[in-house]
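Read through the structure below, which is laid out as structure tokens, and then see the notes.
All of the numbers you see were taken from the coordinates with simple rules; none came from a lab. Source: prediction; values computed, not measured. Here the Cβ is made from the backbone with ideal geometry for all residues, glycine too, and neighbour counts use every protein chain on show.
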Amino acid sequence: MDYIKEKLITIGRPKAEIVKKLQKEHGDKVVQEVTMGQVLSGMKGVVSLLTCTSKLDPDEGIRFRGYSIPELREKLPKLHEDGEPLPEGLFYLMLLGELPTTEDVNFISESWARRAQNIPQHAFDVINALPKSAHPMIQFNSAILAMSTESHFRRAYLAGADKKDYWDPMYEGVMDLISRLPIIAAYIYRRVFYDEKHIEMDPSLDWAGNLAHMMGYDSEEVRRMMRLYMVIHADHEGGNVSAHATHLVGSALSNPYYSFSAGMNGLAGPLHGMANQNVMHWLQRLMDELGTHDPSTEQVREYAKATLDSGRVIPGYGHAVLRKTDPRFAVQLDFANKYLPEATLIKLVKKVYDVVPGLLEETGKVKNPWPNVDAISGSLLSSYGITEYPVYTMLFGVSRALGVLTQLIWDRLYGLPIERPKSQNLDWFKEKAGFN
Ligand code: FAM
């Protein structure tokens with residue numbers, strides 16, 4: 001057993017005992033009153049999940065095991081003093097709840113580089129069987145499902161493993177799956193946009209640096225951008241669609257490939273991860289319609305207003321939980337100001353930021369008029385030459401694996417049961433409301 005697994009079980013067993021005790025001895029404690037409005041508005045604010053990897057504050061934004069994004073940038077190991085933290089370190093933090101050392105990060109980096117070598121050929125065959133015009137998320141998710149033939153968890157379950165040991169094959173599968181996602185994503189990218197001219201992974205590189213390398217980008221700046229991208233998209237508490245879907249499907253003891261695939265299907269929705277691609281279409285159309293890359297603030301306002309007047313949402317703005325500018329937006333802007341102060345798209349993003357919150361506030365119905373992570377991520381990628389918008393959600397998905405799959409290991413450590421909320425029909429709601 002490697003030392004990370006030993007640490008995990010040492011930390012995990014007592015916590016699993018606490019979860020059991022809470023269930024048994026405090027099961028009748030009332031957690032919260034739930035209103036009809038909450039149920040009918042997508043269960044917003046209803047406490048119904050146990051998630052340990054991260055927590056979202058409406059005003060402050062995300063904290064990973066207690067650490068905010070600025071703190072992670074300062075405290076997680078980096079390859080360069082002035083660079084960005086390594087996603088390997090964030091994975092360690094989310095898994096074990098403590099900051100990693102450089103050695104810990106190297107251990108994970110090497111473990112992922114080793115595990116990434118054994119992707120079954122049929123995962124690539126499945127991708128190749130799809131038309132190149134199939135959205136990268138279709139290709140990505142098909143490959144993820146195809147790789148479930150390798151599931152340690154499935155094998156262990158069929159062999160009759162003890163329930164309290166399920167976390168172990170889950171850990172193995174999660175480590176394998178995370179290690180392989182950059183190769184799969186880069187393969188799809190080069191297949192669709194670079195005439196199948198694939199680039200081998202470089203086992204000496206870190207996980208995110210390798211992704212940039214295999215996509216065809218070898219500058220240190222792009223690697224830094226990719227490390228940042230992979231860190232900030234990794235997790236956003238348990239109730240967002242990709243995290244919740246992964247957890248829900250995992251609660252049926254589906255293997256990590258099935259579970260993560262469910263999450264990725266949710267991420268592909270335009271109100272969730274596909275928003276980053278849609279932001280780019282929206283900005284592109286703005287530039288095409290106005291015939292300039294440098295529109296005036298007034299022109300941007302008119303364009304945004306026309307979007308709202310036609311009953312569409314402005315992608316990249318609003319959030320189900322956040323009520324302030326997303327720190328994931330702020331940190332990307334900070335990165336762009338440092339490395340790309342003159343980039344046309346970044347200037348445009350800033351102009352949109354100047355006018356859209358006010359317009360959304362004027363509607364009187366949008367609860368959060370501020371930008372989310374997707375308002376800038378595509379412009380950052382695009383400014384570095386990664387201009388193929390359809391891959392942006394897939395890159396989000398590679399990163400999201402870090403958080404939702406770590407939580408899946410903890411779900412099995414805690415021994416969480418199958419999820420089964422109660423539903424009611426319309427008559428029941430009418431009766432509750434006192435309708436005749
Ligand atoms: N533009 C126009 N209208 C918006 C809006 C936006 N950006 N954000 C919210 N609204 C509308 C919303 O459609 C709803 O209208 P109706 O009452 O007519 O149905 C009203 O404002 C109240 O919605 P809300 O309570 O403020 O937001 P929700 O919690 O229902 O939805 C989002 C949250 C994120 C789905 C919503 O803000 C949205 O559609 N934003 C644009 C898409 C986007 O950027 N998604 C990415 C979210 C992200 F961070 C991620 O998952 N990656």
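Sequence-ordered 3J(HN,Hα) estimates for segment 3-18 from the Karplus curve with 6.51, -1.76 and 1.60 and θ = phi - 60° stand at 5, 5, 5, 4, 4, 4, 6, 5, 6, x, 4, x, 5, 4, 4, 4 Hz, glycine and proline given as x.
Here is how the number arises for the chain: DSSP H runs of 4 or more residues each give -39500 (n - 2.57), the sum is divided by the residue count, and the result at 222 nm is -19000 deg cm²/dmol. Backbone phi angles across segment 91-98, fed through the Karplus curve with coefficients 6.51, -1.76 and 1.60 (θ = phi - 60°), yield HN-Hα couplings of 4, 4, 4, 5, 6, 10, x, 9 Hz in residue order; Gly and Pro are listed as x.
Please return the longest stretch of the chain lacking exposed loop sites, where GluC sites (Glu not before Pro) count only if DSSP places them in a loop and at most 14 other Cβ atoms lie within 10 Å. Free of exposed loop sites, the longest segment is 201-341.
Once you have a ≥ b ≥ c as the square roots of the Cα gyration tensor eigenvalues for segment 275-383, tell me rounded if a/c is under 1.5, and otherwise prolate or oblate according to whether a/b is larger than b/c. Oblate. Here the Karplus relation 6.51 cos²θ - 1.76 cosθ + 1.60, evaluated at θ = phi - 60°, turns the backbone of segment 20-31 into coupling constants of 4, 4, 4, 4, 6, 9, 10, x, 8, 5, 7, 8 Hz, with x for every Gly and Pro. When the trypsin sites (Lys or Arg not before Pro) in segment 1-73 are filtered for DSSP coil states and for at most 10 other beta-carbon atoms within 10 Å of their beta-carbon, the remaining sites are LYS29.
Once the Cβ-Cβ distance between SER310 and HIS80 is put in as r, and R0 is 35 Å, what FRET efficiency do you end up with, to the nearest 0.05? Given R0 = 35 Å and the Cβ-Cβ separation, E is 0.15. Our summary gives the chain a relative contact order of 22 percent, counting only alpha carbon pairs under 8 angstrom and 6 or more residues apart. On full extension, the segment bounded by ARG420 and ARG115 gains 106.3 nm, given 0.36 nm per residue less the C-alpha separation. Under the convention that each Lys and Arg Cβ holds +1 and each Asp and Glu Cβ holds -1, the size of the dipole of segment 82-207 around its Cα centre is about 720 debye. Close amide H partners of ASP57, meaning residues 5 or more places away or on another chain with modelled amide H under 5 Å apart, are ILE62, ARG63.
Note on GLN23 and VAL39: their simple-model spin labels are 2.5 nm apart, each label 7 Å out from Cα toward Cβ.
With 28 Å as the limit, the listed pairs LYS44/LYS75; LYS305/LYS347; LYS365/LYS430; LYS7/LYS163; LYS44/LYS432; LYS15/LYS75 have LYS44/LYS75 beyond it between alpha carbons. In this label model, LYS338 and ARG155 are separated by 4.2 nm, measuring between points 7 Å along each Cα→Cβ vector. Compare the Cα positions of LEU426, HIS293, GLY269 along the charge dipole of the chain (+1 at Cβ of Lys, Arg; -1 at Cβ of Asp, Glu; about the Cα centre) and return the one farthest towards the positive end. Highest projection toward the positive end goes to LEU426.
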